[in-house]
């Protein structure tokens, strides 16, 4: 009988672990090493609003420009959160707590600086007409705001006319809609058609429990967002690459 050491096989197939890595361990490896930025990023990950403000205060008193800390510290911390969420290490409740902590941090630096940060762009969000389930939309709003976007939140059960009026007034770079019920998601088709009638070719990101990619692909402006976390990624893609619907679908739709 040949004596085989299984450890080499386990290493080869990436199943050898010295110890089970917790979300905190995973985050620790991603935090910036800067002694002023590290505690802010960690507080964002932990969703500790008071610790975020305390870290910002220390950084500002050390000479850091308050508004610069949005990109240099708050967004860095949120980047850790987003990465670990994408990898399945943490889940939506964690993301929501972190988003709230980041928004608190943004408000604090705005007060300290006496001016508002430059926003990436404006986005209109809503829940489909007839649908009162707004948890998904609220997550989308939190994540967009945490990623530097100004959000015009129309709320739930929003009539199609209100959606069109908001697009005409706000001129957003992206419109989002959520629907939980199959009976309400058909309002998205009406929104799409009305926008086209008025000459608006704005990307319209749709998601929610009732919605799937096949349905969204049927109408001209539709972009399917499988998860709430897709919303800021779609917005960032539009900022960088433009609002060509085909290109956005190529990036975010599954083929």
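Under Stokes-Einstein, with the Kirkwood radius over Cα pairs as Rh, the value for the stretch 66-198 at 25 °C and 0.890 mPa s is 153 µm²/s.
Within the stretch 183-203, what residues put their amide N at less than 20 Å from the label point 7 Å along the Cα-to-Cβ vector of residue 165? Counting only backbone N, you get 187-200.
Between residue 181 and residue 118, the contour length at 0.36 nm per residue exceeds the Cα-Cα span by 19.0 nm.
The residues 234, 202, when put in order of fewest to most other Cβ atoms within 10 Å, stand as 202, 234. Using a Gaussian network model of the chain in which every pair of alpha carbons under 10 angstrom is joined by a spring, one finds that among 123, 106, 245 the greatest mean-square fluctuation is at 245. Per-peptide packing, taken as the mean over residues of other Cβ atoms within 10 Å, places 178-184, 140-146 in the sequence 140-146, 178-184 from highest down. Ordering 62, 98 from the fewest to the most neighbouring beta carbons within 10 Å gives 62, 98.
The Cα-based radius of gyration of the stretch 122-252, divided by its Kirkwood radius, gives an Rg/Rh of 0.91.
Its residue count N sets the reference 2.2 N^0.38 Å, and the alpha-carbon radius of gyration of the stretch 38-112 equals 1.03 times that reference. By the Cα gyration tensor, the chain has an equivalent ellipsoid whose semi-axes, rounded to whole angstrom, run 36, 28, 15 from largest to smallest. Expressed in Å, the radius of gyration and Dmax of the Cα atoms of the stretch 80-157 are 14.0, 42. Gyration tensor over the Cα atoms of the stretch 153-224: the corresponding equivalent ellipsoid has semi-axes (square roots of 5 times the eigenvalues, largest first) of 18, 14, 10 Å. Per residue, the chain reaches -14500 deg cm²/dmol at 222 nm when only DSSP H runs of four or more residues are counted, each adding -39500 (n - 2.57). Remark: 214, 34 ranked as 214, 34, counting other beta-carbon atoms within 10 Å and listing the fewest first.
On a per residue basis, the convex hull of the C-alpha atoms belonging to the stretch 199-239 measures out at 65 Å³. A simple spin-label model places pseudo-atoms 7 Å from Cα toward Cβ; at residue 220 and residue 236 they are separated by 3.1 nm. Taken along the Cα-to-beta-carbon direction at a fixed 7 Å, the label points for residue 35 and residue 200 span 5.2 nm.
Shape analysis of the stretch 70-124 yields a ratio of the Cα radius of gyration to the Kirkwood radius, Rg/Rh, of 1.03.
Note on the chain: GNM, Cα springs under 10 Å; of 172, 93, 232, the largest mean-square fluctuation is that of 93.
If you wrap the Cα atoms of the stretch 24-79 in a convex hull and average its projected area over all directions, you get 3.3 nm². Counting only alpha carbon atoms, the long axis of helix 135-146 and the longest principal axis of the chain meet at about 70°.
In this structure, residue 28 and residue 227 have a Cβ-Cβ separation that, at R0 = 22 Å, corresponds to a calculated FRET efficiency of about 0.30. Against the chain, whose longest principal axis comes from its Cα atoms, helix 75-86 is set at around 90 degrees.
A short reminder: the numbers here are calculations on the coordinates, not readings from a lab. Keep in mind that this is a model prediction, so the values were computed, not measured. Every residue, glycine as well, gets a Cβ built from its backbone with ideal geometry; the counts of neighbours run over all protein chains shown.
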